Every structure is written in structure tokens, then in C-alpha cells.
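Report on the following structure.
Nothing in this text is a laboratory measurement; each read-out follows from the coordinates by a stated rule. All values derive from a computational prediction rather than experimental measurement. Cβ: placed from backbone, ideal geometry, glycine included. Neighbour counts: every protein chain shown.
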Amino acid sequence: MPIPIVNSIASWFLKKRFHQIELFLKYPNEVQNELLFSLIDIAKDTEFGRKYDFASIKSYKTFSERIPIKNYDGWQDDIERSMNGETNIFWPRPIRWYAKSSGTTRAKSKFIPVSAESLEDCHYAASKDLLCMYLNNNEDSQLFTGKSLRLGGSKELYKENGIIFGDLSAILIDNMPFWAEFSSTPSNKVSLMSDWEHKMQAIVNETINENVTSLAGVPSWMLVLLNNVLETTGKQNLHDIWPNLEVYFHGGVSFTPYVNQYKKILPRKDFKYYETYNASEGFFAIQDQNNSNELLLMLDYGIFYEFIPMDTYGSSEEKAIPLSEVKLNVNYAVIITTNAGLWRYKIGDTVRFTSLSPYRIKISGRTKHHINVFGEELIIENAEEALKKVCKRTRSEIVDYTAAPIFMEGKEKGAHEWLIEFKKPPKDIHYFNELFDNALKALNSDYEAKRYNNITLNKPKIHMARKNLFYDWLKQNNKLGGQHKIPRLSNTRNYMDELLLLNISHENPINGNKLSF
């Protein structure tokens with residue numbers, strides 16, 4: 001399709017969609033309220049709708065009092081029934097797609113329902129809105145003169161009994177409309193390759209001679225790919241390969257640890273970065289301004305939002321509130337009701353509102369300690385269970401521990417660094433490390449994917465902490481007492497670097513192999 005025609009279509013859609021966006025910016029709470037009752041009406045005759053008498057719900061107050069808030073564990077049995085072929089459980093229309101993501105305490109992986117409505121009215125709508133906002137802010141953009149290099153964490157899709165499941169990115173690529181495939185690279189065939197080593201090289205081979213004008217993908221994976229592009233071409237920066245490259249659309253993990261590395265390989269000062277906030281459960285927010293770290297909450301994607309203040313989260317005083325009641329700079333856990341049949345679902349993320357008119361947010365973290373620098377979504381339950389199994393196997397005992405990421409540097413892969421104080425140390429720390437790595441792989445499918453052939457993550461690096469290290473740190477920082485503790489998992493190195501300095505009297509690091517493509 002000729003570029004002028006593509007630009008004309010984009011311009012027409014831009015004007016039409018911006019009228020809709022203006023409506024929810026002007027009447028955000030009315031839009032959310034109308035959406036909630038639309039979802040309730042659609043699902044009133046489902047098994048879930050009959051159980052909670054959706055037909056009689058006429059107010060948000062009744063909805064919030066009647067419907068329980070659940071995490072994935074609370075939904076798992078119904079989702080498994082749906083995957084086994086039962087219909088009309090929590091959504092009236094058959095759900096064919098399930099996005100596989102990292103697991104919970106009950107399962108290695110989660111399977112999130114993806115309805116036809118959520119595909120079209122949420123995920124694909126968000127992709128178009130992202131382009132709309134970018135083009136509105138950058139009238140001289142030449143985005144459509146070339147292609148978008150997209151990189152999902154996708155593997156091949158799996159089919160069982162008419163149900164299709166796999167990474168969300170694979171589902172999106174497999175259902176992608178023709179116009180999106182036309183403007184993207186690599187091909188769907190390469191994007192859905194299951195072997196990452198061959199896939200990465202195939203992407204490099206397909207894209208280095210294309211006119212790439214934008215990048216889209218998770219920062220950790222994308223950095224691995226782009227370093228391979230530079231190595232293959234022998235160039236020093238990406239502008240020498242793709243002179244018309246103008247923007248990187250990123251999301252999935254925090255971009256902060258990667259900023260300096262991207263600036264090294266994308267040195268042009270007018271290069272732009274746009275952040276998105278999406279997950280298997282839905283697409284939630286989009287950066288709508290140049291050079292901003294705030295995200296506009298999208299209110300008409302079939303998702304009704306509620307929020308729990310984190311100072312009451314998990315307590316007897318826990319209570320969800322609608323969007324109309326949120327306040328600035330308060331840390332909230334996010335609760336969603338969606339057009340894929342998830343009702344009052346805890347997604348595990350926390351946000352802070354930076355603006356109430358319009359509603360803009362910053363992602364502040366997770367409801368539980370975790371490491372998610374590389375998309376591995378390692379949660380505290382994974383760590384505790386893995387350590388428990390390995391300690392039993394090696395007849396060792398642990399007093400305390402903490403873990404932090406080792407950020408990617410140049411062509412070096414990332415890793416997790418662990419500082420463990422043992423009451424009874426293992427006889428062979430190398431063997432302990434091997435077992436621990438394998439246990440984490442068995443418990444967490446996203447960690448396993450990032451560790452596959454050391455593509456993104458190297459082996460863990462373990463330090464044996466000296467006796468009383470954690471106690472000494474707490475004492476030094478005036479934090480002795482039962483209410484104070486060092487986070488077990490952290491997305492930053494603040495605690496780790498301080499503790500390592502205190503640990504100089506006894507250090508025994510175990511390094512993982514450092515392989516590159």
C-alpha cells in the first residue's frame with residue numbers, strides 16, 4: 001500500500017478517535033460508570049451473573065458490596081473449567097484464547113482469558129491510540145514511511161480441544177490485522193519462532209535492510225536484539241543502520257535501568273521514547289505526551305477500574321474505591337473488571353496518580369516484593385519455595401536473604417544476585433546454586449524463558465553473607481525491631497550494594513556462565 005494512502009488513513013482515524021478520547025477526558029467518571037453497567041448487563045445471564053444476581057445491581061455500591069475481590073488463585077478453577085470447554089461461566093461468549101503468564105502459589109503459569117472483545121476493543125484499540133497520540137504530538141513524524149520493528153516475548157501457540165494458549169504477544173501477532181502486518185517487521189513466521197537463538201538471528205537478518213522507523217517491545221529483550229544487530233552489522237549505533245528511526249514504544253518492565261544503555265546506541269537527541277502499561281489482563285495506560293514519565297489511564301477499553309489504598313491493603317480495613325474517589329500521590333493496588341469476564345480481579349500492580357484531570361498515573365510497583373527487571377516476574381513465593389526445596393535437598397538452613405538484579409551492561413546479560421546468610425551452609429555452594437536455578441525455572445515459566453540458553457539472564461550469582469550481616473545493617477540504619485526488615489526481593493540495587501560493602505569480611509560469589517549470541 002503506497003505511503004500517502006497509509007498517511008491519509010492514519011490522519012482520518014486520528015481525527016475520529018480523538019473525538020472519542022476527548023469525551024472520556026471530559027467525562028471520565030461517567031464513562032467508567034456506563035462501562036461498568038454495560039459489562040454487568042452483558043454478563044447477567046452467565047453462571048457468575050446469576051450467582052450474584054447481576055440483574056438487580058443498579059449502583060456501584062451494590063456491585064462493590066456483592067462481588068468479592070479475588071486474585072488469580074480465586075479464579076483458577078473457573079478458568080480451568082472454561083479451558084476444558086465449559087461456556088457461559090463468567091462471560092457469555094465462548095473464549096478461545098488464553099494468555100499464558102508467570103504463575104502463582106498454586107500453579108507454575110497463569111492462563112488469562114482473552115475474549116474477542118478484549119482483543120479488538122482493548123489490545124488493538126490501544127495500539128491504534130498509541131499511534132494517534134504519538135502522531136498528534138509529532139506532526140512532522142515520518143513513522144509510516146517505514147516499518148515498526150516489533151519484538152514480543154512470544155513463542156509458538158499451543159492448541160488443545162479448540163482452545164489456543166500462549167504468550168499474549170503471540171496471540172496478538174496471530175490475530176493481527178493485515179494493515180498492521182504490512183507495516184511491521186519481522187514477519188509473523190519469524191515472530192512466532194519458538195527457538196530464541198534462531199529467532200533472534202532470523203530477526204536480525206530480516207530487519208537490517210528494512211527502513212525501520214520505530215521499535216516496539218520489552219526493554220530487556222529489545223536490548224539483546226539491538227546489540228546483536230550492532231554486532232552483525234559492525235556499526236556503532238542504530239542510526240547508522242536505520243537513519244529514519246525516530247521512536248521506541250516500550251513497556252512490560254521498568255525502563256529506568258536501561259535508559260543510559262539505549263542512549264549509547266541511539267545517541268540522536270531528537271529520538272523519542274513512549275511508554276505503555278499493558279498486561280495479559282488488558283491494556284491500561286499510554287504515555288500521551290513527549291518526554292513524559294506519566295501515563296494516561298485509558299477509560300473506554302472495556303475495563304472498569306477500582307483501587308485499594310496500599311496502607312490498608314491486606315488488612316481488615318481493606319476497601320476498594322472507584323476512580324472518582326482516588327487522590328494524588330497515594331499508592332494504590334489496581335483492581336479490574338474486564339470484557340473478558342474477570343470480575344474485581346487483583347492484577348498485583350500498584351500505581352500513583354500524578355494528575356486527576358485527566359487521570360494520569362505512574363506505575364509504582366507490585367503488591368508483593370518481586371524482581372521484574374527483565375520480564376521474569378519473580379515473586380517472593382517463587383523464591384521462598386525454591387529455597388525451601390534446595391535447603392531440604394542440601395541439608396542447609398537459611399537465616400535471612402535478599403536479592404537484586406544485575407543490570408545489563410553493553411553486551412553482558414543480566415542476572416539475579418543473591419546474598420544469603422546461612423545458619424547451616426551447604427557443603428557445596430556451586431551445587432546449591434545449580435539446584436536453586438533449576439527450582440526457580442520449575443516454579444516460574446517467565447524466569448525459565450529468560451534463562452533459556454542464557455539469552456537474557458545468566459545464572460544467579462550467590463554470596464554467602466557473614467554472620468549477623470542483616471542484623472548489623474538494620475542496627476546501623478536504626479531499624480532494629482520486628483516491624484523492620486530488608487526486602488527479600490528488590491527491583492533496585494540500593495539494599496544489595498550497601499549490604500555487600502558490609503560483607504567484605506566474608507564473600508564467596510558464585511558466577512553464572514556469561515554466554516552471548
Inset, instruction - Answer with one residue from PRO426, LEU502, ILE462: the one whose Cα lies farthest towards the positive end of the charge dipole of region 371-502, charges on Cβ with Lys, Arg +1 and Asp, Glu -1. - result: PRO426
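Compute the length gained on full extension between GLU47 and PHE271: take 0.36 nm times their separation in residues and subtract their Cα-Cα distance, giving the result in nm to one decimal.
Working: separation 224, 0.36 × 224 = 80.64 nm, distance 5.06 nm.
Extending this stretch completely gives an extra 75.6 nm.
Hey, what D do you get for the chain in µm²/s if you plug the Kirkwood alpha-carbon radius into Stokes-Einstein at 25 °C and 0.890 mPa s?
Numbers: Rh = 24.5 Å.
Stokes-Einstein gives a translational diffusion coefficient of 100 µm²/s.
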Inset, instruction - Starting from one equal scatterer on each C-alpha and no solvent at all, send me the Debye-based log10 I(q)/I(0) for region 311-392 at q = 0.16 Å⁻¹, two decimals. - result: -0.78
Legend entry - Fraction of beta bridges assigned by DSSP in the chain that are antiparallel (%, nearest 5): 65
Inset, instruction - Could you check the simple spin-label distance between HIS239 and GLU498, using points 7 Å along Cα→Cβ, in nm with one decimal? - result: 4.0
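Go through LYS44/LYS159; LYS368/LYS467; LYS388/LYS441; LYS272/LYS459 and tell me which ones have a Cα-Cα distance over 25 Å in this structure.
Working: LYS44/LYS159 30 Å; LYS368/LYS467 27 Å; LYS388/LYS441 15 Å; LYS272/LYS459 33 Å.
Going by Cα-Cα distance, LYS44/LYS159; LYS368/LYS467; LYS272/LYS459 fall outside the 25 Å limit.
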Legend entry - Charge dipole of the chain about the Cα centre (unit charges at C-beta), most positive-ward option of ALA320, ILE42, ASN137: ALA320
Inset, instruction - Could you give the size of the charge dipole of region 177-313 about its Cα centre, using +1 on the Cβ of each K and R and -1 on the Cβ of each D and E, expressed in debye and rounded to the nearest 20? - result: 540
Legend entry - Cα gyration tensor category, rounded, prolate or oblate, for region 150-247 with a/c compared to 1.5: prolate
Inset, instruction - With unit charges on the beta carbon (Lys/Arg positive, Asp/Glu negative), name the residue among LEU168, ASN278, THR185 whose Cα is farthest towards the positive pole of the charge dipole of region 117-286. - result: THR185
Inset, instruction - Post the alpha-carbon centroid distance, region 297-315 to region 381-437, in whole angstrom. - result: 34
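What does the C-alpha gyration tensor say about the overall shape of region 371-502? Classify as rounded when a/c is under 1.5, otherwise prolate if a/b is larger than b/c, or oblate.
Working: a/c = 1.81, a/b = 1.29, b/c = 1.40.
Oblate.
In debye, nearest 20, what is the charge dipole magnitude of the chain about its Cα centre with +1 on Lys and Arg Cβ and -1 on Asp and Glu Cβ, if you could check?
Values: 63 positive and 63 negative charges, 240 e Å.
Rounded to the nearest 20 debye, it is 1160 debye.
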Legend entry - Stretchable slack from SER316 to ASP472, in nm (0.36 nm times residue separation minus alpha-carbon distance): 52.8 nm
Legend entry - Virtual paramagnetic centre 7 Å along Cα→Cβ of TYR452, amide N under 15 Å, in region 364-380: 375-376
